[in-house]
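K.L.:
Please find one structure pasted underneath; my questions will follow.
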Amino acid sequence: MEHIVSVENLSKDYETGFWKKKKVRALDGLSLSVSEGQIFGFLGGNGAGKTTTIKLLMRLLYPTEGSASILGQPIDSVSMHRQIGYCPENPYFYDYLTPVELFDYFGRLFDLDASKRKAKTGELLTKVGLEERDWKKQLRKFSKGMLQRVGLAQSLINEPRIVFLDEPMSGLDPIGRREIRELIAELPSKGTAVFMSTHILSDAEALCDEVAILSRGKLAAAGKLHDLLAESNDQPRFEIVVAGADAAKLRISIPNATEIEQRSGDTLVIANRDSDIEGILRAARDAGGSLISINPIRRSLEDLFVAQTKTD
Ligand SMILES: Nc1ncnc2c1ncn2[C@@H]1O[C@H](COP(=O)(O)OP(=O)(O)OP(=O)(O)O)[C@@H](O)[C@H]1O
Ligand SMILES: [Mg+2]
């Protein structure tokens, strides 16, 4: 499959301090690639370097080292930038414009004729769930969530082949998040791949085919979400619930179980491997207990994320 984004050994130092003498490495040797037709999740905690990476790709910042290409073209290609979309983190627009005026302006930038501009404005503002009564209101009166919707709609005006969304769900309430999630989910089928940064892991789990996890400017893990989760689940643990057992007795006879917990009359035992289950059940019976349930504990993206970002 063709890669529509390739990043090679990309690094960025910010120069800070009064004389700009002090260097802060925000991104450190990032390499990754994104395949056509997918939703790619770019994950990382606060300050991991997500926005820096996206700004480098948008040519809003210049890299200290490394290179990148989008749609097979170098990132300074003007013709490539006409075929992509970008919604910044906390989008900000000229306060005294209305959404209709803003979209007319962006439509002109992309050489759309008047009727196409009008049609596209209506289509996109409806799609992001902005009510018609707000279409002619000045943007200064908009809430954070409404501006986020305008930003998302703006990034799709040129029917981009790939859209870069920096924290697209920030500022949205739960219903808004679901609406925007549904909108993003259908973009690949309309010919628009998605590169989105987020620290909301449930959104990434619901939407993304592949992810990259960034930790302090470095790539901590990358790949298909399914594979990453399977890999971290290859040594499954089990949660065993037993009723009526004497927990003290149980504790002595099953040294292998790391955790035993009393929960409203029941005892919860964690088996660290499936070969431990047999012994735990025997011990539970000997301690006068009876089995209620055995359930595998699956690691979520959240566990994976915490494990990856904690290691360095
Ligand atoms: N203009 C700047 N000057 C100096 N340092 C900066 C600048 N912008 C970002 N940084 C630093 O670079 C690092 C990465 O920041 P970046 O904004 O890329 O992180 P992020 O992953 O987008 O975080 P968040 O989830 O909070 O948006 C941080 O340590 C940040 O303090
Ligand atoms: Mg950011």
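K.L.:
Examine the stretch 169-191 for a residue that is assigned to a helix (DSSP H, G or I) and within 16 Å of ligand 1 (Cβ to nearest atom), and state whether such a residue exists.
P.N.:
no
K.L.:
So in the stretch 194-227, with the set limited to residues that are in contact with a Pro (Cβ under 9 Å, 6 or more places away or on another chain) and in a strand (DSSP E or B), which one is nearest to ligand 2 (Cβ to nearest atom)?
P.N.:
SER197
K.L.:
Residues ILE175, ILE180, ILE162, ILE200: which one is among the aliphatic types (A, V, I, L, M) and closer than 21 Å to ILE4 by Cβ?
P.N.:
Testing whether each residue is among the aliphatic types (A, V, I, L, M) and closer than 21 Å to ILE4 by Cβ leaves just ILE162.
K.L.:
Does any residue of the stretch 22-30 turn out to be in contact with a His (Cβ under 8 Å, 6 or more places away or on another chain), within 14 Å of ligand 1 (Cβ to nearest atom) and in a strand (DSSP E or B)?
P.N.:
Within the stretch 22-30 (the criterion being in contact with a His (Cβ under 8 Å, 6 or more places away or on another chain), within 14 Å of ligand 1 (Cβ to nearest atom) and in a strand (DSSP E or B)), the answer is no, since none of the residues qualifies.
K.L.:
Filtering the stretch 11-56 down to residues that are among the basic types (Lys, Arg) and within 27 Å of PRO188 (Cβ to Cβ), which residue is surrounded by the fewest Cβ atoms within 10 Å (Cβ to Cβ)?
P.N.:
It comes out as LYS55.
K.L.:
ILE54 - would you say it is within 16 Å of ligand 2 (Cβ to nearest atom) and not assigned by TED's automatic domain parsing to the domain that holds ASP303?
P.N.:
So ILE54 passes the test.
K.L.:
Additional query: From the residues in the stretch 61-80 that are of a type in the set (A, V, I, L, M, F, W, C) and surrounded by 12 or more Cβ atoms within 10 Å (Cβ to Cβ), which one is farthest from LEU201 (Cα to Cα)?
P.N.:
MET80
K.L.:
With respect to SER189, is the statement that it is farther than 15 Å from LEU124 by Cα and buried (at least 21 other Cβ atoms within 10 Å of the Cβ) true?
P.N.:
no
K.L.:
In addition: Would you call VAL269 more than 30 Å from THR198 (Cβ to Cβ) and touching a residue at least 24 places away in the same chain (Cβ under 8 Å)?
P.N.:
For VAL269, the condition - more than 30 Å from THR198 (Cβ to Cβ) and touching a residue at least 24 places away in the same chain (Cβ under 8 Å) - is met.
K.L.:
For the stretch 8-19, which positions are more than 10 Å from ligand 1 (Cβ to nearest atom) and in a loop (DSSP other than H, G, I, E, B)?
P.N.:
Residues satisfying the conditions are PHE18, TRP19.
K.L.:
What is the one condition in (1) touching a residue at least 40 places away in the same chain (Cβ under 8 Å); (2) touching a helix residue (DSSP H, G or I) at 6+ places or on another chain (Cβ under 9 Å); (3) part of a strand (DSSP E or B) that ILE260 does not satisfy?
P.N.:
(1)
K.L.:
Hey, another quick one. Only one of LEU124, LEU102 is in a helix (DSSP H, G or I), in the same structural domain as ARG177 (by TED's automatic domain parsing) and within 18 Å of VAL194 (Cβ to Cβ); which?
P.N.:
None of the others qualify; the one that does is LEU124.
K.L.:
Of GLY145, GLY151, which residue is of a type outside the set (Ser, Thr, Tyr), surrounded by 15 or more Cβ atoms within 10 Å (Cβ to Cβ), more than 16 Å from ligand 1 (Cβ to nearest atom) and not in a loop (DSSP other than H, G, I, E, B)?
P.N.:
GLY145
K.L.:
Now, a different point. Looking at this structure, is LEU71 more than 14 Å from ligand 2 (Cβ to nearest atom) and either assigned by TED's automatic domain parsing to the domain that holds LYS218 or out of contact with any Asp or Glu (no Cβ under 9 Å at 6 or more places or on another chain) (or both)?
P.N.:
yes
K.L.:
For the condition farther than 30 Å from GLY129 by Cα and buried (at least 17 other Cβ atoms within 10 Å of the Cβ), what is the one hit in SER215, SER197?
P.N.:
Going through SER215, SER197 in turn, just one is farther than 30 Å from GLY129 by Cα and buried (at least 17 other Cβ atoms within 10 Å of the Cβ): SER215.
K.L.:
Take the residues in the stretch 64-84 that are out of contact with any Lys or Arg (no Cβ under 9 Å at 6 or more places or on another chain) and not aliphatic (A, V, I, L, M); name whichever of them is nearest to TRP135 (Cα to Cα).
P.N.:
Within the stretch 64-84, the match that is nearest to TRP135 (Cα to Cα) is ARG82.
The values are calculated or read from the model by the stated rules, or taken from the named source; none is laboratory data. No experiment lies behind these values; they were computed from the predicted model shown. Note: ideal-geometry Cβ built from the backbone for every residue, glycine included; neighbour counts use all protein chains shown.
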